[in-house]
Every structure is written in structure tokens, then in C-alpha cells.
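Participant: There's a structure below that I have some questions on.
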Amino acid sequence: MTSVAVEARRPRRSAPAKSLAFVRRHLLTLWSVLFFGYLVLPIAVVAVFSFNAPKGRFNFQWEHFTFSNWTHWNAIPGIQSAVQLSLEIAVIASILATALGTLMALALVRYGFRGRGTTNFVVFLPLSTPEIVLGASLLTLFLNFSTPLGFKTILIAHVMFCVSFAVVTVKARLVGFDRHLEEAAMDLGANEWTTFQKVTLPLIAPAILAALLLCFAISIDDFVVTYFVAGSRVTFPIFVWGAARVATPPQINVIGIAFFVIAVTAMLGNVFVQNYRAKQA
Amino acid sequence: MTVEAAHPPPAVAAAEYDIRLIGLTKRFGDDVVAVDDISLDIDRGHFFALLGPSGCGKTTTLRMIGGFEEPTEGRIELGGVDVAPLPPYKRDVNTVFQSYALFPHLSIFENVAFGLRRRGVKGSQLRTRVIESLELVGLAGLEKRKPRQLSGGQQQRIALARALVNRPRVLLLDEPLGALDLKLRKEMQLELKRIQHEVGITFVHVTHDQEEAMTMADRIVIMNGGHIEQLGTPTELYESPRTAFVAGFLGVSNLLEGTAVAEDRVKLADGTEVRCPREVLGGRSGTVQIGVRPEKLRIGEGAGNTLSGTVTESAYIGVSTQYILDTPAGPVTVYMQNDRPGGQVATGERLTLSWSPESTFVVDTQEGTQ
Ligand SMILES: Nc1ncnc2c1ncn2[C@@H]1O[C@H](COP(=O)(O)OP(=O)(O)O)[C@@H](O)[C@H]1O
Ligand SMILES: [Mg+2]
């Protein structure tokens, strides 16, 4: 519609009409730039302030540029152990959740068993339950079973809410999977395990990798559920929350940006590998 | 029910059967009987076609032989051994799937090498056999490509090479040409026949295309609603169909109701008596249906059987004209060569038809009649 109107007006070409036409033609670009800015600006601010040397305890006002926050990223007491705990939990939880989620997705897509519908529903529950409810009920559960709160309870909680994401991600890939491929492998002499290794796994690998990255990203920044079940252990998000009441050291920005860069690199890497494989195939 | 060929091939020992199905039945749930008590012997080295309309149980039969579907009842013997309890990877058969099912993440070479690697073939022997197999289907030189970089026809050939490279006892093909266009299909029909001849492996070819089955197969079994209608060579099935279904499925046929009045004589509804060979009538009595192919009918009085009727429809098809006559025994289709100008017959005219008793067949009226 817009372009038709522009075409019709073209012969006259008055200056205001021309600028109007320009805006109309580039409206989508403008809109995209604004939206992108909206998404990126907060991250950019965090990144910029990771190079700030604040005067007081709060890193809210720009003073001058420095690398020392990056070189002394663990200068704040407690930050290093918090980062370490978060990384440990995220790595273990995402691996466990992805392995479990992949197997569950295989079972849900492949086999008609009693309770499949219920399982499908239950898998979706953590995705739709408010985290605060999830955290509170997990705490109740752990207290009822007199489980000491700490590393194990954090891990259990993280695996629990990550599994759903893994199941959903892998299931999406399996639904479009041609079962004849596995039959062909067996037909050619591969037993069940070889078929899984040589055919099923390579074909769902991109989904498994995506699930792994997704779980890692969800786990490492979880605060609400973790706060309920962490006991005296301090993960990075809990550390930030605790610290923010008395100070916001620029090291928090450093760690945040580091996580962000790692996550984005991994995602881009996955996309790149998949594109490469698609081109090869 | 055992279906025997009308003219069995010169005495074959029992061990020469590659596949023997005995009372094979497959039910899905309580009410779907996909395959209904099939018994069948397939000789070594034959090109065997499983022909029938869509949904008649061809794929299910093939999948049971391949090991992808467990029979509800019955036995499957491969080379004399009951394979029913064996998984697909322990059966000496290979399958060409309708969707080809080439592994998208593997190169053509690795696709074809897949079966050999599972058997521990390695190195130069592996390479030689893969290349040989690709040469057999005329696609050597493509081994570095991925399946998606090939055309449908090429993928079809790779699927064939991938299965044949293992030199199985039997090759199962489920509508392998179904996804190809007509020209390519015709080409591949000849190609498949050549390859089968070259490798000498028993082929079991599933198709719903009667022309394809007729041109390619040494033996055809016609299936309908999960059971076997008839088994025989293409000529046997066409010349002497034993059921109305077979007569109608393979080309056009005229079926006329009558009563057997002698060992070689049937009285039609209008009182005309027609003769047919004694062995064709097979000692039947009472109501029978006789049949005759349209191209066996001659216009005009002649030796043998005659029947008259009024032309109700005519259709010009170039080399010939098709007439439908209304006779007291029922409608009859006849083809007449357009060999002289002005030879057409107008609707409403009366015609007398004649045919030789040898061209007459008799079909069962009870079972299988539609
Ligand atoms: N897995 C299945 N579950 C239920 N019914 C099936 C299944 N596979 C096939 N059938 C039914 O069995 C019948 C025969 O199917 P099929 O062997 O595929 O026929 P064809 O290959 O001759 O077209 C059909 O009625 C089909 O709907
Ligand atoms: Mg089929």
C-alpha cells in the first residue's frame, strides 16, 4: 500500500514529500534499529561499566576507564567461590538434564506407554509454574525429607527445571525424524545400540547441543529457585543480590559480561556448526 | 490356504525356496486385519511382484519379512530357517524403502558402505565393493556427495546399491519407483530388471501398478484385502484369472453370468450356450461366471462362441474403437481395429460377436467376487 502511494507521487517530488517517502521506505529499518537498541542497550551499559573505576561503593556513575576490574575480577571476597559454584552447578546440571531430557524425549516420541499423556503434561509443569512457587515447594519438600540444603539440593532443583527445556528441545527434533532411517540401519545389520550411535545420535545431535546450551544458560543465572534451596551456599546470582544491598562492585559487571560472552559465543558456534552441516548435507 | 502356481516350474527342491510364508497373519489392534493367513513360496532367483490395490497389506507383508513388524500368527522361513524370532539385523534380507531412507548425515560412499562396515569389511576390499556396487547402478563417481545433493532417481539407485552391496539372499523393494515421474519410472523398470538379472538375487517387488508388475516380474501374486487372490506368471494371470477381482485388476474383462450345463458348456442368461475348455470349468456346477477379454472378441459370426447385442456406447481411441454392447447376458466391451475407413458402427445397431472357446475363462463367484 505504502509503496503504491509513493510511486504515484513520484513525478512531483517536492522536498517534504521526498523526505516523507524516505521515512516510509525505511520505517522497517528504523523500527528494527530501535528495537535492537532496546535489547542491547542494558547489556552495553553493563559492559561499559565493567571498565569503570567508581569512586564510592556503587558503580552507577562513570568516572574513568580502567582494566583493573578485569584483571582483578576476584578481588571481592566471596566472588570467586560464588562463580565457581555457579559454574559447577551449571555444567553438571545441564549435562544431567540434557541426558535425562534426551532419553525422556525419545521415550515420549517413540513409545506408546501407559501414562504418556500424563508425562507429557508433567514435563510442561515446570515451564509454566511460577519460579517462586517452584522454589517454595521444593524447599518444603527438602525440609520434609530432612535433606540438608546445599550443593546437592541446588543441583536437584536445577536439573528439575532444566529437564523440561531439554525434553521440549529434543522432542521438537525427534517429531520430524524419519523412522525408516533407523529401520534402514537395522536392515543393514546394525543392532539397536549401533543404530542409536550411528544414525539416531548424529541426527539429533544439534538438538542435544542446543538443549545443553539452553540448560547451561538457564541454570547459571537462576536466582529465585536457587535462593530457596541453597542453604548457606552462595551462587553468583545470590552473591550479586546480597552484594547489591551494600555495594555494586564493577566485578559483578565483569562476571556478568563474561558469562554473556561465553553464552553468546556458544550459541553462535552452534548456529554456525549447524549451518555448515546443512550446507555439507 | 496354499496358493499354487498353475504350472509349477520344473521340480524345485524345498530348500530352493528363498522365502516361504506359512499362514502369515498380521492384525493391528482388534479390528484391522492387514494380512490375512497368507501362504506363499518364492523361488530362488525370481523377480517376484506383490501386486494389489493400496491398503491390501503389501507393505505389512514385506515389513514382516524384513523383521520390522511381528507376525500375529504364522511362520516366515528364509532358506528353510524360521526367522520370525530374529531381529532385522540378523536376517539375510535387505530392503529398498519407498522413501529411500538414505542417511542424510553420511556421504554416498558411507551410505553404501554402511552394511559392509557392520560385517567388518574394511580397507581396500570395502572400497572395491562399494565402487562395484555404485558401478552396478551407474553412479560411480558420486561417492563424496551427500544424499540431498542427488536427484530422486539417483537417490533411488543409491538405495538400491546400498542394499545390494551386502549380497543378501533376498532383496525387498517397497514401491521403489513410486516417487519417480513416468519417464524415469519406465527407465528404472528396465534397469531394475537388468540389475536383477545381473546379480541373480531374488527380488520381491511391491507395487500397486499392474503394468509395472506385468513388465518386470517372472511371478506375480495378487493381493486383495489382506489375502492372496491368485499367483502365477503375468500371462497366466491375464489369460486365466481365477477371480473376478483378478480379472478386473489386470486390464478390462467381460464377465457374464451363466449356469454350467455340461463339463465344457455354460448356458448364459439369454439361453445361448457357450463352450469353454473342460479344465477351465473345472467340474463346477450351478451358477458360474465366465469371462473373456475384449480383444479376443471378433465382430461377426464365426467358429466357437457367439453372442449378439445392441451397441449402446462407442469411444474412438485412435488405433481402435471401443464399443459397449448390451447383450441379454449383460454389458460387453469389445475393441475393433480401425483398419478401414468408414468401418464404424453406430449406436443402436445390432452386432454379433464371436470368440474361441480357448479364450474363455471362468471365475469363482463366491469368494473374492466384488
Ligand atoms: N501400524 C499400523 N497400525 C494400524 N493399522 C495399520 C498399520 N500399518 C498398516 N495398517 C493397516 O493395514 C492395512 C494394510 O496396510 P499396508 O500393508 O500398508 O497396505 P499396502 O502397502 O498394500 O498399501 C491398511 O488398512 C492399513 O491401514
Ligand atoms: Mg504400501
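Participant: Around B:C276, which amide H atoms from residues at least 5 apart in sequence, or from another chain, sit under 5 Å from its own amide H, with H modelled in the peptide plane?
Facilitator: B:R265, B:V266
Participant: Sort out the exposed loop chymotrypsin sites (Phe, Trp or Tyr not before Pro) in chain A (DSSP loop, at most 13 other Cβ within 10 Å) and tell me the longest stretch that has none. Display every interim value, and only then the final one.
Facilitator: Values: sites that count: A:F60, A:W62, A:F67, A:Y111, A:F113, A:F145.
The longest uninterrupted stretch comes out as A:146-281.
Participant: Then there's this: Using Cα pairs closer than 8 Å and at least 6 residues apart in sequence, work out the relative contact order for chain B, in percent.
Facilitator: Numbers: 769 pairs, mean separation 59.0, N = 370.
Dividing the mean separation by the residue count of chain B yields 16 percent.
Participant: By how many degrees, 0 to 90 and rounded to 10, does the Cα axis of helix B:182-199 deviate from the longest principal axis of chain B?
Facilitator: 70 degrees
Participant: Sticking with this one: So how compact is the protein assembly as shown: Cα radius of gyration and Dmax in angstrom?
Facilitator: Using the Cα atoms of the protein assembly as shown, the pair Rg, Dmax is 37.4, 121 Å.
Participant: So if I average 1/r over every pair of distinct C-alpha atoms in the range A:11-68 and take the inverse, what Kirkwood radius in Å does that give? Can you show the working numbers first?
Facilitator: Numbers: mean 1/r = 0.0676 Å⁻¹.
For the range A:11-68, inverting the mean 1/r across all distinct Cα pairs yields 14.8 Å.
Participant: Total accessible area buried between chains A and B, 1.4 Å probe, in Å² to the nearest 100?
Facilitator: Numbers: alone 17520 and 17440 Å², together 32950 Å².
By this definition, chains A and B bury close to 2000 Å².
Participant: Taking N as the number of residues in the range B:10-239, what is its Cα Rg relative to 2.2 N^0.38 Å?
Facilitator: Details: Rg = 17.4 Å, N = 230, 2.2 N^0.38 = 17.4 Å.
Relative to the 2.2 N^0.38 Å estimate, the range B:10-239 comes out at 1.00.
Participant: Name every cysteine in the protein assembly as shown that ends up alone, with no second cysteine's Cβ under 4.7 Å, or say none.
Facilitator: So far as the 4.7 Å Cβ criterion goes, B:C56, B:C276 stand without a partner in the protein assembly as shown.
Participant: Could you give the size of the charge dipole of the range A:11-68 about its Cα centre, using +1 on the Cβ of each K and R and -1 on the Cβ of each D and E, expressed in debye and rounded to the nearest 20?
Facilitator: Details: 7 positive and 1 negative charges, 105 e Å.
Computed charge dipole of the range A:11-68: roughly 500 debye.
Participant: Shape verdict for the range B:77-203, please, from the Cα gyration tensor: rounded (a/c under 1.5), prolate (a/b greater than b/c) or oblate.
Facilitator: Details: a/c = 1.60, a/b = 1.15, b/c = 1.39.
Taking the square roots of the gyration eigenvalues as a ≥ b ≥ c, the range B:77-203 is oblate.
Participant: Please report, as a whole percent, how much of the solvent-accessible surface of chain A comes from carbon and sulfur atoms (probe radius 1.4 Å). Write down the numbers at each step before the final one.
Facilitator: Numbers: 11580 of 16490 Å².
For chain A, the apolar C and S fraction of the accessible surface comes to 70 percent.
Participant: Turning to a different aspect of this structure: Using only Cα atoms, find the angle between the long axis of helix B:152-164 and the longest principal axis of chain B, and express it within 0 to 90 degrees, rounded to the nearest 10.
Facilitator: Helix B:152-164 sits at roughly 70 degrees to that axis.
Participant: Along the charge dipole of chain B, Cβ charges K/R +1 and D/E -1, which of B:S124, B:T306, B:T243 sits furthest on the positive end?
Facilitator: Value: B:S124.
Participant: While we're here: Over the range B:142-288, what lengths in whole Å, largest first, do the semi-axes of the equivalent ellipsoid take, defined as the square roots of 5 times the eigenvalues of the alpha-carbon gyration tensor? Before the final figure, lay out each step's value.
Facilitator: On the way: eigenvalues 375, 45, 26 Å².
So the three semi-axes of the range B:142-288 are 43, 15, 11 Å.
Participant: Please get the size of the charge dipole for chain B, origin at its Cα centre, with Cβ charges of +1 on Lys and Arg and -1 on Asp and Glu, quoted in debye to the nearest 20.
Facilitator: With Lys and Arg at +1 and Asp and Glu at -1, about 1920 debye.
Participant: Which residues of the range A:158-187 show a drop of at least 30 Å² in accessible area when all protein chains are present, compared with their chain alone (probe radius 1.4 Å, heavy atoms only, ligands and nucleic acids excluded)?
Facilitator: A:H180, A:L181, A:E183, A:A184, A:M186, A:D187
Participant: Once the dipole of the range B:10-239 is set up with Lys and Arg at +1 and Asp and Glu at -1 on Cβ about the Cα centre, which of B:Y17, B:H105, B:A49 lies farthest towards its positive end?
Facilitator: Value computed over the given set: B:H105.
Participant: Another question about this same structure. Can you list the HN-Hα couplings for the range A:241-251, worked out from phi with the Karplus curve (6.51, -1.76, 1.60; θ = phi - 60°), rounded to whole Hz and with x for Gly and Pro?
Facilitator: 4, x, 5, 4, 6, 10, 6, 10, x, x, 4
Participant: Right, another one. Spelling out what I want: for every residue of the range A:119-127, take phi, set θ = phi - 60°, compute 6.51 cos²θ - 1.76 cosθ + 1.60 (Karplus), and round to whole Hz; glycine and proline get x.
Facilitator: With the stated coefficients, the range A:119-127 comes to 4, 4, 6, 4, 4, 7, 3, x, 6 Hz.
Participant: Top to bottom by accessible area (1.4 Å), largest first, where do B:R185, A:R179 land?
Facilitator: Result of the area sort, largest leading: A:R179, B:R185.
Participant: Mind checking which aspartates and glutamates have their Cα closer than 16 Å to the Cα of B:K186? Skip sequence neighbours fewer than 8 apart in that chain.
Facilitator: Once the sequence-local aspartates and glutamates are set aside, what remains near B:K186 is B:E175, B:D209, B:E211, B:E212.
Participant: Tell me which residues come under 5 Å, amide H to amide H, from B:F97 once H is placed; ignore anything under 5 positions away on its chain.
Facilitator: none
Participant: With unit charges on the beta carbons (Lys and Arg positive, Asp and Glu negative) and the dipole taken about the Cα centre of the range A:11-68, which residue among A:H64, A:F22, A:V40 sits farthest to the positive side?
Facilitator: Projecting each Cα onto the dipole axis, the largest value belongs to A:F22.
Participant: Roughly how many Å² of A:M267 are accessible to a 1.4 Å probe, to the nearest 10?
Facilitator: Approximately 80 Å² for this residue.
Participant: Considering only DSSP states other than H, G, I, E and B, which GluC sites (Glu not before Pro) in the range A:53-144 qualify as loop sites with at most 15 other Cβ atoms within 10 Å? Numbers along the way, then the final one.
Facilitator: Details: sites: A:E63, A:E88, A:E131; in loops: A:E63.
Here the GluC sites (Glu not before Pro) that fit, given the DSSP loop and packing criteria, are A:E63.
Participant: Taking each pair of different alpha-carbon atoms in chain A once, compute 1/r for the pair, average those values, and report the inverse of that mean as the Kirkwood hydrodynamic radius in Å to one decimal.
Facilitator: In chain A this quantity evaluates to 22.8 Å.
Participant: Now for a different question. Per-residue HN-Hα couplings for the range B:262-277, Karplus 6.51 cos²θ - 1.76 cosθ + 1.60 at θ = phi - 60°, whole Hz, x for Gly and Pro?
Facilitator: Residue by residue, the range B:262-277 yields 8, 5, 9, 9, 10, 9, 7, 4, 8, x, 5, 9, 10, 9, 8, x Hz.
Participant: Can you tally the net charge around B:V165? Count Lys and Arg as +1, Asp and Glu as -1, for every other residue whose Cβ sits under 15 Å from the Cβ of B:V165.
Facilitator: On the way: positive: B:R117, B:R118, B:R119, B:K122, B:R127, B:R129, B:R157, B:R162, B:R167, B:R169; negative: A:D187, B:D92, B:E110, B:E132, B:E135, B:E143, B:E198.
Here the charged neighbours net out to +3.
Participant: Then there's this: List the lysines whose Cα sits under 23 Å from the Cα of B:K122, skipping any in the same chain fewer than 8 residues away.
Facilitator: Output for B:K122: A:K198, B:K90, B:K144, B:K146.
Participant: Okay, next question. Once amide H atoms are built 1.01 Å from N in the peptide plane, which residues 5 or more positions from B:L139, or in another chain, come under 5 Å H to H?
Facilitator: Those lying under 5 Å, H to H, from B:L139: there are none.
Participant: Right, next: Taking the Cα centre of the protein assembly as shown as origin, work out the dipole magnitude from +1 charges on Lys and Arg Cβ and -1 charges on Asp and Glu Cβ, in debye rounded to 20. Numbers along the way, then the final one.
Facilitator: Details: 61 positive and 58 negative charges, 846 e Å.
So the magnitude is around 4060 debye.
Participant: By how many degrees, 0 to 90 and rounded to 10, does the Cα axis of helix B:123-136 deviate from the longest principal axis of chain B?
Facilitator: The angle comes out at about 20 degrees.
Participant: A further question follows. Suppose all protein chains stay in the model; what accessible area per residue would a 1.4 Å probe give for the range B:252-363, in Å²? Each step should come with its number before you reach the end.
Facilitator: Working: 5560 Å² over 112 residues.
That works out to 50 Å² per residue.
The values are calculated or read from the model by the stated rules, or taken from the named source; none is laboratory data. It should be emphasised that the depicted structure is a prediction, and the values quoted were computed from it without experimental measurement. Note: ideal-geometry Cβ built from the backbone for every residue, glycine included; neighbour counts use all protein chains shown. We work out accessible area using only protein heavy atoms, side chains counted, and drop any ligands, DNA or RNA first. Shrake-Rupley method; radii C 1.70, N 1.55, O 1.52, S 1.80 Å.
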